[in-house]
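Just so it is clear, none of the values below were taken in a lab; they were calculated from the coordinates. Quantities reported herein were computed from a predicted structural model and do not represent experimental measurements. Here Cβ is always computed from backbone atoms with ideal geometry, including for glycine, and neighbour counts include all displayed protein chains.
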Amino acid sequence: MFRSTATVLVLLGATALGCGGEKTAHPHEPDSPPLVVKLASAHEEKLDTLYRASGTVRGQSTAVLTSKTMGYIRSVLVQPGDRVRAGQVLAVLEANDSAAGVRRARAGLDQSVESRIEAENGLRAAQAALRIARATHERIAALFANHAIAQQEYDESEARLRSAVAQEEMAQARLRGSGSRIEQAKAEMGEAQVALDYARITAPFDGRVIERRIDPGNLASPGMPLLVVEQDAHLRVEAAVDESRAAMVALGDTAVVEIDTLDKPITGVLGEIVPNVDVASRAFLV
């Protein structure tokens, strides 16, 4: 892990009871002139003192990247200390099955789209045939009303019209079915793509890799930690303060941070105090 250690000097306030300007009187000696004694009243005064604590420089956010699927590690593209960008691929798992699933889903989606095109063409043809059958039947019905044609010719025209109506309804049903198959194919495509995306481990934000726990050829399982990335755009120092100093530490107190890699100290303020005391060290985090 790449972390910088720091020494934190916290300016603590302490109240002291003191007095000023008092001179000790000596016993009166015979033949000595009288002594002039000045008296001063006692008063409270706030004295500043420093408390030194060791700490660690950390980023505002730290992400432990885990695997969401099982598979062997194909490649690891970063090392501890490398800077990364949000969305950058850091490691890749073997995903032959997932890639094959995406290809099958894409082929199914393409076939569903072709079926929809055929259904649309079929519906247009059925609608055209229905229009012709309806117009023809209207003419035949008029002739039949004037006793110009036989009953059989009228019945045949009416049968052709009913058949055209049925064909148009079937074409409508095929079009609706093709739309449902497209939606199903899209869902399968999305699921296959998600499975494939699980094989790529990406950075959740801009930052730096601080820990690498895998190598190519390792078997990853769901929930297994692979990499640790820290967001280092805004850094802070975490230090442990002895519980005996709890009453002397407050939010907003001035803190001086000394880091070995820096030439001069940095001044900051206490922005967070964790009240829970560690049972082993009897210290709390600031």
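Backbone amide hydrogens, once placed in the peptide plane, bring residue 91 within less than 5 Å of 77, 201, excluding anything fewer than 5 places away on its chain. Count the net charge of all other residues whose Cβ sits under 10 Å from the Cβ of residue 208, scoring Lys and Arg as +1 and Asp and Glu as -1. Cβ neighbours under 10 Å give a net charge of -3.
Of the trypsin sites (Lys or Arg not before Pro) found in region 80-148, those that fall in a DSSP loop while having at most 10 other beta-carbon atoms within 10 Å are 85. Taking a ≥ b ≥ c as the square roots of the eigenvalues of the Cα gyration tensor, region 181-222 is oblate, since a/c reaches 1.5 or more and a/b is not larger than b/c. If you sort the three axes of the alpha carbon gyration tensor as a ≥ b ≥ c, you get a/c of 1.5 or more for region 97-197 and a/b above b/c, which makes it prolate. Values of log10 I(q)/I(0) for region 129-263 across q = 0.09, 0.10, 0.12, 0.19 Å⁻¹ run -0.66, -0.72, -0.85, -1.14, by the Debye formula with one identical scatterer at each alpha carbon and no solvent.
Take the Cα of residue 88, step 7 Å toward its Cβ, do the same at residue 138, and the gap between the two points is 7.2 nm.
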